[in-house]
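K.L.:
Quick one: the structure is below, and I'll ask about it shortly.
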Amino acid sequence: MCGIVGYIGFRDAYPIVIKGLHRLEYRGYDSAGVALLNKDEELKVYKKAGKVSDLENFVKDIDTSSTIGMGHTRWATHGAPSDRNSHPHSSGDRKLTIIHNGIIENYNSIKEALLAKGHVFLSDTDTEVLIHLVEDIQHETGLELREAVRVALNRVIGAYAIVIMSADEPNELIAARKGSPMVIGVGKGEYFIASDATPIVEYTKNVIYLNDNEIAYIRRDDLLIKNIDNTVQTPYIQKLELQLEMLEKGGYDHFMLKEIYEQPRSVRDCLRGRIYPQQGKVQLGGIKEYVEKLKNVDRIIIVACGTSWHAGLVGEYLIEEYARVPVEVEYASEFRYRNPIITEKDLVIAISQSGETADTMAAIELAKEKGATIFGICNVVGASIPRLTHAGVYTHAGPEIGVASTKAFTAQVTALTLMAFYIAQQRGTITQSKLIEYLTELNEIPTLIEKTLKTNDHVKVIADKFKDSTNCLFLGRGSSFPVALEGALKLKEISYIHAEGYPAAEMKHGPIALIDEDMPVVFIATKNSSYEKVISNIQEVRARGGHVIAIVSEGDTTVKNMADFVIEIPQTAEAFVPLLATIPLQLLSYHIAVMRGCNVDQPRNLAKSVTVE
Ligand code: F6R
């Protein structure tokens, strides 16, 4: 949610900032802006509603040379997307300017106090209030800027990652974070600041992840980090593992398509070094300290949002089936506000691609307060969630840039599969021979995903038939029900077609009323324990004139004779069907969205990491 970039050094800041904003555009893309310092050390702010490219057009004839600068790409919270609500926002005297990701919750009361003192606001944002507060503190107390920022941050409630530039301090950027991510890239005589490492990786691999309540005072040759209570912190410099090519489209038309095609690799990377099929052994280094806990755990609660929540539902089937521990899957946003009953005996698993989702973080904090052990399943290394949890497993899917989650989902399901078998192994709820059998099959899944991707041309033909639909139903049973939910979410978020996922048997309790010749119904009808039941559900749809698209096991002829279209996926154990059945659904949504002229990588109103609740 909102992307932040800053640079101070010896190079021209503007191209670095703009390139960084393009890399961060997946975080928000309704407006963008930059602040630079001109030759006369005056602050220059350029901002525009629209994409980063609109900002570039706006600025193209302006002299942008400056060796210090910062930029912002916005996902609107306070105030509609417009030029005036775009960041940076400046103080009344235009000597200070700020970019901000997050929400200042008490901005209204601060604003009222400042209005009473004569401050004039030009935007509807909470961010502008914060920079006026800093100005006001300086004016009232005569404090130097560093101190005024610290005092101001002590007065705000909410989440922020901010960068401040000042005309009076032309050799310094001030950055701070609480609840929103911020990374500082360390170069020689230069520093980079960003919401995540993607704008930084091509310049330096040395980074510092700022912690909550830390303020960084950044000069070309000096970095000082203090806590908000004024104690000096020792920065911990880490090496980035990210490669630049991971951030490029690599010849694909869209990041989403590239990421769909990366799934054999991402699932393989998630499995690497963790399974030993011949020995029937799963090894998860990240949680190995918690073996005793896993042996005795009474209940597992999975918390997540969106697609990650769908992965959690698949995890519920797997953990209950193999490890025989009761599992509850909760929307983090609901869980955090309903005084849930959690005890020290519980294990909470938080799933998040970005590792920054505000609701998931709040759910973790709550469960932690109540004494539960918290595991994370996260993709972005070093993000906030892995740092908040007691232990965890990285999914190793690599950077996911397309806003609609694809490879992150299958990697999360893979990690949950590993966790289910790992817990089962510790608790003795699975035999060694069964484990050998399952792990041998799981090891083949990346190859089977490769095979499944070959359905692409056929899926494209189906997409063309249904691209003008206004509604679509996705139905599945067992662990294919979350796959149906995920298929529906993909379609609605990138093609704007209304879609619902349902357990197939629930259809007759309501949704069946919607079925007519204009309603495509996508079934996951692979050969597993509920196959016969799903066939009956298909018949019910056919009897009402609905069009059936079915994902079936290779060689199936029964469903082929009933459905309008079938998409064959390789045979695999029931446990692994979600990893294959998801693939054609991702492709279906992708092609429909492209055919409808939608921006698949940056669907309207969405942002990749939801750092506001
Ligand atoms: C959908 C999608 C979202 C995310 C959700 C949680 O394609 O990407 O539904 O899954 O916002 O995000 P993370 O996993 O980063 O916590």
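The values are calculated or read from the model by the stated rules, or taken from the named source; none is laboratory data. Keep in mind the model is a prediction, meaning the values are calculated, not measured. All Cβ positions, even for glycine, are placed from backbone atoms using ideal geometry, and neighbour counts span all protein chains on display. Areas reflect the complete protein model, heavy atoms only, side chains present, ligands, DNA and RNA absent. Shrake-Rupley method; radii C 1.70, N 1.55, O 1.52, S 1.80 Å.
K.L.:
Give Lys51/Lys95; Lys19/Lys451; Lys19/Lys188 a once-over and call out the pairs whose C-alpha atoms are over 29 Å from each other.
P.N.:
Working: Lys51/Lys95 26 Å; Lys19/Lys451 36 Å; Lys19/Lys188 20 Å.
Exceeds cut-off: Lys19/Lys451.
K.L.:
Calculate how steeply helix 107-116 sits against the longest principal axis of the alpha-carbon atoms of the chain, using the helix alpha-carbon long axis, and give the answer as 0 to 90 degrees to the nearest 10.
P.N.:
Approximately 20 degrees, to the nearest ten.
K.L.:
How far apart, in nanometres, would the label points at Arg11 and Asp229 be if each is projected 7 angstrom from Cα along the Cα-to-Cβ direction?
P.N.:
About 3.9 nm, to one decimal.
K.L.:
Right, here's the next one. Please determine, in degrees from 0 to 90 and to the nearest 10, the orientation of helix 306-318 with respect to the longest principal axis defined by the Cα atoms of the chain, where the helix direction is its Cα long axis.
P.N.:
40
K.L.:
Please list Ser529, Ser123 from largest to smallest accessible area, probe radius 1.4 Å, with all protein chains kept in place.
P.N.:
Values: Ser529 100, Ser123 5 Å².
Most to least solvent-accessible, the answer reads Ser529, Ser123.
K.L.:
Additional query: For segment 453-602, what is the per residue volume of the convex hull drawn over the alpha-carbon atoms, in cubic angstrom? Show your work: numbers first, answer last.
P.N.:
Details: hull volume 14.3 nm³, N = 150.
Once divided by residue count, the hull of segment 453-602 is 95 Å³.
K.L.:
Applying 1/(1 + (r/R0)^6) with R0 = 51 Å to the Cβ-Cβ distance of Glu369 and Lys533, what FRET efficiency is obtained, to the nearest 0.05?
P.N.:
Working: r = 43 Å, r/R0 = 0.84.
The pair Glu369/Lys533 has a calculated efficiency of 0.75.
K.L.:
DSSP beta bridges in the chain, what fraction antiparallel, as a percent rounded to 5? Present the calculation step by step, with values, prior to reporting the outcome.
P.N.:
Working: 64 of 103 bridges.
Antiparallel bridges make up about 60 percent of those DSSP assigns within the chain.
K.L.:
Beyond 27 Å, what percent of the Cα pairs of segment 252-443 remain? Please list the in-between numbers first.
P.N.:
Values: 4294 of 18336 pairs.
The calculated P(r) of segment 252-443 puts 23 percent of pairs beyond 27 Å.
K.L.:
Taking the Cβ of Ser536 as the center, what net charge do the other residues with Cβ under 13 Å away carry, scoring Lys and Arg +1 and Asp and Glu -1? Let's see the in-between values first.
P.N.:
Numbers: positive: Arg477, Lys508, Lys533, Arg542; negative: Glu532, Glu540.
Around Ser536, the surrounding residues sum to +2.
K.L.:
Within a Cβ distance under 15 Å of Pro399, other residues only, what is the Lys/Arg minus Asp/Glu net charge?
P.N.:
Details: positive: Arg23, Arg27, Lys205, Lys249, Lys258, Arg265, Lys407, Lys608; negative: Glu25, Asp196, Glu202, Glu241, Glu245, Glu248, Glu259, Glu262, Asp269, Glu356, Glu400, Asp601.
Once positives and negatives cancel, what remains is -4.
K.L.:
Moving on. Using all Cα-Cα distances in segment 430-478, what percent lands in each 5 angstrom bin from 0 up to the longest?
P.N.:
5, 14, 12, 13, 18, 14, 9, 7, 5, 3, 0
K.L.:
Multiplying the sequence separation of Lys508 and Arg272 by 0.36 nm and subtracting their Cα-Cα distance, what value in nm do you get? Display every interim value, and only then the final one.
P.N.:
Working: separation 236, 0.36 × 236 = 84.96 nm, distance 4.29 nm.
Using 0.36 nm per residue and subtracting the Cα-Cα distance, I get 80.7 nm.
K.L.:
I've got another one for you. Accessible area per residue of the chain at 1.4 Å probe, in Å²?
P.N.:
Values: 23060 Å² over 613 residues.
Accessible area per residue, the chain: 38 Å².
K.L.:
Under a Cβ-Cβ cut-off of 11 Å, what is the net charge of the residues other than Glu172 that fall near it, where Lys and Arg count +1 and Asp and Glu count -1? Don't skip to the end; give the middle numbers.
P.N.:
Working: positive: Arg146, Arg219, Arg220; negative: Glu144, Asp168, Glu169, Asp222.
Summing Lys/Arg as +1 and Asp/Glu as -1 gives -1.
K.L.:
Pop out the Kirkwood hydrodynamic radius of segment 65-158 from its pairwise C-alpha distances, inverse of mean 1/r, in Å to one decimal. Before the final figure, lay out each step's value.
P.N.:
On the way: mean 1/r = 0.0732 Å⁻¹.
For segment 65-158, inverting the mean 1/r across all distinct Cα pairs yields 13.7 Å.
K.L.:
Between the alpha-carbon centers of segment 417-470 and segment 47-112, tell me the distance in whole angstrom.
P.N.:
Comparing the Cα centres of segment 417-470 and segment 47-112, I get a distance of 44 Å.
K.L.:
With each pseudo-label sitting 7 Å past Cα toward Cβ, what's the Gln283-Thr558 distance in nm, one decimal?
P.N.:
My value for the distance between the label points is 4.2 nm.
K.L.:
Kirkwood hydrodynamic radius (Cα pairs, Å) of segment 210-336? Please list the in-between numbers first.
P.N.:
Details: mean 1/r = 0.0510 Å⁻¹.
Taking the inverse mean of 1/r over all distinct Cα pairs, segment 210-336 comes out at 19.6 Å.
K.L.:
Let me ask something additional. Based on the Cβ-Cβ distance from Asp212 to Ile237, what FRET efficiency comes out when R0 is 22 Å, to the nearest 0.05?
P.N.:
Values: r = 19 Å, r/R0 = 0.84.
Taking R0 as 22 Å, the efficiency between Asp212 and Ile237 is 0.75.
K.L.:
To the nearest 10 degrees, how steep is helix 577-595 against the longest Cα principal axis of the chain, on a 0 to 90 scale?
P.N.:
The angle comes out at about 60 degrees.
K.L.:
Expressed in nm to one decimal, what extension gain is obtained for the pair Phe121 and Lys345 from 0.36 nm per residue of sequence separation less their Cα-Cα distance? The partial results should precede the final answer.
P.N.:
Working: separation 224, 0.36 × 224 = 80.64 nm, distance 5.10 nm.
Length difference between fully extended and current span is 75.5 nm.
K.L.:
Moving on. Please check which bits of segment 28-54 a label hung off Arg604 would reach, taking the label as a point 7 Å along Cα-to-C-beta and the cut-off as backbone N under 19 Å.
P.N.:
28-32, 49-52, 54
K.L.:
Given points 7 Å out from each Cα along the Cα-Cβ axis, report the Arg544 to Lys249 separation in nanometres with one decimal.
P.N.:
4.1
K.L.:
Further question on the same structure: Beyond a 19 Å Cα-Cα separation, which of these cross-linked pairs lie in this structure: Lys281/Lys434; Lys492/Lys608; Lys293/Lys368; Lys345/Lys368? Provide the component values of the computation, followed by the final result.
P.N.:
Details: Lys281/Lys434 11 Å; Lys492/Lys608 16 Å; Lys293/Lys368 15 Å; Lys345/Lys368 12 Å.
Checking Cα-Cα distances, every pair stays at or under 19 Å.
K.L.:
Here is a further query. Given H placed on each backbone N at 1.01 Å, which residues far from Gly28 in sequence or on other chains put an amide H within less than 5 Å of it?
P.N.:
Cys2, Lys608
K.L.:
To the nearest 0.05, how large is the calculated FRET efficiency for Ile436 and Lys293 if R₀ is 25 Å and r is the Cβ-Cβ distance? Mind dumping the intermediate values first?
P.N.:
On the way: r = 26 Å, r/R0 = 1.03.
Here the calculated transfer efficiency is 0.45.
K.L.:
What per residue convex hull volume, in Å³, comes out for segment 118-210 when only alpha-carbon positions are used? Present the calculation step by step, with values, prior to reporting the outcome.
P.N.:
On the way: hull volume 11.4 nm³, N = 93.
With only Cα atoms used, segment 118-210 gives 123 Å³ per residue.
K.L.:
Express the C-alpha Rg of the chain as a ratio against the empirical globular expectation 2.2 N^0.38 Å, rounded to two decimals. Before the final figure, lay out each step's value.
P.N.:
Working: Rg = 25.5 Å, N = 613, 2.2 N^0.38 = 25.2 Å.
Ratio of Cα Rg to 2.2 N^0.38 Å: 1.01.
K.L.:
Multiply the residue separation of Asn443 and Arg596 by 0.36 nm, subtract the distance between their alpha-carbon atoms, and state the gained length in nm to one decimal. Let's see the in-between values first.
P.N.:
Values: separation 153, 0.36 × 153 = 55.08 nm, distance 3.72 nm.
So the extension gain works out to 51.4 nm.
K.L.:
List, in order, the whole-Hz ³J(HN,Hα) value for each residue of segment 140-146 obtained from phi through the Karplus relation with A = 6.51, B = -1.76, C = 1.60 and θ = phi - 60°; use x for Gly and Pro.
P.N.:
6, 10, x, 5, 5, 4, 3
K.L.:
Moving on to the next point. Which ³J(HN,Hα) values in Hz, rounded to whole numbers, follow from the phi angles of segment 54-61 under the Karplus curve 6.51 cos²θ - 1.76 cosθ + 1.60, where θ = phi - 60° and Gly and Pro get x?
P.N.:
So the Karplus estimates, Gly and Pro as x, are 5, 5, 4, 4, 5, 9, 4, 9 Hz.
K.L.:
Hey, another quick one. In bins 10 Å wide, starting from 0, what share of all Cα pairs of segment 3-246 does each bin hold, as a percent?
P.N.:
Over segment 3-246, the share of Cα pairs per 10 Å bin runs 8, 36, 39, 16, 1, 0 percent.
K.L.:
Once you keep just the Cα pairs under 8 angstrom separated by 6 or more residues, what percentage relative contact order results for the chain?
P.N.:
Working: 1411 pairs, mean separation 72.6, N = 613.
So the answer I get is 12 percent.
K.L.:
Leaving out ligands, DNA and RNA, what percent of the accessible area of segment 453-602 is carbon and sulfur, probe 1.4 Å?
P.N.:
On the way: 2630 of 5460 Å².
Heavy-atom surface of segment 453-602 belonging to carbon and sulfur, 1.4 Å probe: 48 percent.
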